[in-house]
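Student: Below is a structure I'd like to ask you about.
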């Protein structure tokens, strides 16, 4: 992706819903691509932590294994970006700036 092009950071709630619907990662990413077009889809490191937390909260060993496989496949399929203090501050500005323009980013 070139300069000036924005990608999409996948929110953990969207990923969790896909996993709960038992979508495989390839199908999930096709659905995402249909919605976002040519933009890159990625994860942030916080989302990876949230998804890993869900693995240990699974009710059965089978669900735990399915979640582990889903996360591992997803991590190998998309970029994972770290969250720095500067990135966190920029993220905090998205909603107020978008709201001023009449856009709901979330």
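Readers should treat all values here as calculations from the given coordinates under stated rules, not as data from a laboratory. Please read these numbers as outputs of a predicted model, since none were measured by experiment. As a convention, Cβ positions derive from the backbone with ideal geometry for all residues, glycine included, and neighbour counts pool all protein chains shown.
Student: Starting from the Cα of residue 65, step 7 Å along the direction of its Cβ; do the same at residue 77; then give the gap between the two resulting points in nm.
Tutor: 2.0 nm
Student: Could you tell me how many cubic angstrom of Cα convex hull volume the chain has per residue?
Tutor: 121 Å³
Student: Given a Förster radius of 30 Å and the C-beta distance between residue 31 and residue 86 as r, what FRET efficiency does 1/(1 + (r/R0)^6) yield to the nearest 0.05?
Tutor: 0.45
Student: Output the 0 to 90 degree angle, nearest 10, between the alpha-carbon long axis of helix 85-100 and the longest principal axis computed from the alpha carbons of the chain.
Tutor: Roughly 70 degrees, rounded to the nearest 10.
Student: Taking the chain as the reference, fit the longest principal axis to its C-alpha atoms, fit the long axis of helix 25-36 to the helix C-alpha atoms, and give the angle between the two in degrees, 0 to 90, nearest 10.
Tutor: 20 degrees
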